[in-house]
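Structure first, then comments.
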Amino acid sequence: MTGPVLSASQLELWKMCPRRWYHTYIEGRREEAGDAAQAGTAIHELLEKYLRDGAIPDTTAVWGRYAVGKVATAMLENLPAPGSVQDVELKLDLEVNGIQYTGRIDAVDGTTVYDQKSTSALRYAKTEADLSTDIQAMLYARWLDKDGTLVWNYGQTKGPAKTRKVSLTVFRDDVRIKFEKIVEPVARQVLAAY
């Protein structure tokens, strides 16, 4: 099947504000990444190097006013040992009921999918209940297509470097039902807007 390939961020933006989605994906008016987003990317890259090569983050590394090295180092406690994961930065390609989805999975270890998140404060971290209906989480779980675990690894970027691990056990049959109820209707709305 050909046509638009949808990402979790695209679907989330549609849910939040269809007009903003239109400006971004149809008109091509993308916003530049702010300092916080760029710091999150830097943290993500440090964690990727750790998982892939065992490189311990330099705790003095900074991005602007963000202590990205300290945040990444704190987040290591929620990750498997370096070199032990099957895949790091895996491209997600998935087709369900004629709709194509794409994304990047930070790490996969057997039946566990990891996603690294930076946030200004841990109070913004999603809960297990949030993950159970989150579009990105459901997309990753549907890609996994078996019983497993999703791990969202949060790092706090303001104040002291803190971390929080949020895990959700997923069951294949349950995920398939939730995907059709949660993700697919939003995807069909987005496709209709193209």
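For the stretch 1-73, with the dipole built from +1 on Lys and Arg beta-carbon atoms and -1 on Asp and Glu ones, taken about the Cα centre, which of Leu47, Gln10, Trp63 lies farthest toward the positive end?
Gln10
Once the dipole of the chain is set up with Lys and Arg at +1 and Asp and Glu at -1 on Cβ about the Cα centre, which of Leu168, Leu79, Ile26 lies farthest towards its positive end?
Ranked along the dipole, the leading option is Ile26.
Which of the trypsin sites (Lys or Arg not before Pro) across the stretch 12-68 are loop residues per DSSP, with 13 or fewer other Cβ within 10 Å? If you can, show how the numbers build up before the last one.
Details: sites: Lys15, Arg19, Arg20, Arg29, Arg30, Lys49, Arg52, Arg65; in loops: Arg29, Arg30, Arg65.
Here the sparse-neighbourhood loop sites are Arg29, Arg30, Arg65.
In debye, nearest 20, what is the charge dipole magnitude of the stretch 77-139 about its Cα centre with +1 on Lys and Arg Cβ and -1 on Asp and Glu Cβ, if you could check? Walk me through the numbers before you get to the answer.
Details: 5 positive and 11 negative charges, 41 e Å.
The calculation lands at about 200 debye.
With N residues in the chain, what two-decimal value do you get for its Cα radius of gyration over 2.2 N^0.38 Å? Show your work: numbers first, answer last.
Numbers: Rg = 17.1 Å, N = 194, 2.2 N^0.38 = 16.3 Å.
For the chain, the normalised Cα radius of gyration comes out at 1.05.
Using only the alpha-carbon atoms of the stretch 28-120 as identical scatterers, what base-10 log of I(q)/I(0) does the Debye formula give at q = 0.10, 0.19 Å⁻¹?
Each listed q maps to, in turn, -0.31, -0.92.
With a sphere of radius 15 Å drawn around the Cβ of Asp147, what net charge do the other residues whose Cβ falls strictly inside it have (Lys, Arg +1; Asp, Glu -1)?
Details: positive: Arg142, Lys146, Arg172, Arg176, Lys178; negative: Asp109, Asp145, Asp173, Asp174.
Local charge sum for Asp147: +1.
Of Lys15/Lys146; Lys117/Lys165; Lys49/Lys162; Lys15/Lys178; Lys15/Lys158, which ones are farther than 18 Å apart at the Cα?
Working: Lys15/Lys146 27 Å; Lys117/Lys165 10 Å; Lys49/Lys162 20 Å; Lys15/Lys178 16 Å; Lys15/Lys158 28 Å.
With Cα atoms farther than 18 Å apart: Lys15/Lys146; Lys49/Lys162; Lys15/Lys158.
To the nearest 20 debye, what is the magnitude of the charge dipole of the chain about its Cα centre, counting +1 on the Cβ of each Lys and Arg and -1 on the Cβ of each Asp and Glu? The partial results should precede the final answer.
Working: 25 positive and 26 negative charges, 127 e Å.
It works out to roughly 620 debye.
Using a probe of 1.4 angstrom, how much of the accessible area of the chain is carbon and sulfur, in percent? Before the final figure, lay out the partial values.
Values: 4920 of 10060 Å².
Carbon with sulfur: 49 percent of the solvent-accessible area.
Please report the accessible area of Glu48 (heavy atoms, 1.4 Å probe, ligands and nucleic acids excluded) in Å², nearest 10.
Result for Glu48: roughly 50 Å² accessible.
The values are calculated or read from the model by the stated rules, or taken from the named source; none is laboratory data. Predicted model, so just to flag it, every value in this text is computed and none were measured. Here the Cβ is made from the backbone with ideal geometry for all residues, glycine too, and neighbour counts use every protein chain on show. Accessible surface is based on the protein model in full, side chains and every heavy atom, while ligands, DNA and RNA are left aside. Shrake-Rupley method; radii C 1.70, N 1.55, O 1.52, S 1.80 Å.
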